[in-house]
1. Hey, could you check segment 45-67 for residues that are open to solvent by 100 Å² or more (accessible area, probe 1.4 Å) and over 25 Å from the mean Cα position of the chain (by Cα) and say which is farthest from GLU82 (Cα to Cα)?
2. Of all residues in segment 1-44 being among the aliphatic types (A, V, I, L, M) and open to solvent by 90 Å² or more (accessible area, probe 1.4 Å), which is modelled with the lowest pLDDT?
Amino acid sequence: MMSQNRQAHKDRRHAQQDYEVNLMAEIESGIYTTSWIRSGFKQWHELWHIQKRQIELLEHLCERQANPDVKTPAPTPYVPPEL
């Protein structure tokens with residue numbers, strides 16, 4: 001009977017350790033996932049601004065091509081977005 005109690009105690013302790021390890025792994029996984037999502041959003045945001053800038057430059061070039069006699073001001077320099 002005492003041997004069974006000792007084994008049961010070891011089993012409970014082992015199960016608790018497994019639970020704690022799994023919980024920490026889940027927490028770390030969540031942290032990395034959140035970080036990855038933020039990184040992806042930041043990259044998407046920057047790409048959106050770059051595409052917007054490219055469209056502005058293309059519109060400027062098209063306007064200059066369509067009306068070569070009209071003096072159009074140079075486009076403003078690109079300023080990266082702040083997050």
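1. Ranking the qualifying residues of segment 45-67, first place goes to GLN65.
2. So the first thing to find is which residues in segment 1-44 are among the aliphatic types (A, V, I, L, M), and the list is 1-2, 8, 15, 21, 23-25, 27, 31, 37.
Then keep just the ones that are open to solvent by 90 Å² or more (accessible area, probe 1.4 Å); that gives 1-2, 21, 24, 31, 37.
Working: MET1: 68, MET2: 74, VAL21: 88, MET24: 86, ILE31: 79, ILE37: 83.
Looking at residues that are among the aliphatic types (A, V, I, L, M) and open to solvent by 90 Å² or more (accessible area, probe 1.4 Å), I get MET1.
The values are calculated or read from the model by the stated rules, or taken from the named source; none is laboratory data. Please read all numbers here as calculations on a predicted model, not as lab measurements. Surface accessibility is based on the protein's heavy atoms, side chains included, excluding ligands, DNA and RNA. Shrake-Rupley method; radii C 1.70, N 1.55, O 1.52, S 1.80 Å.
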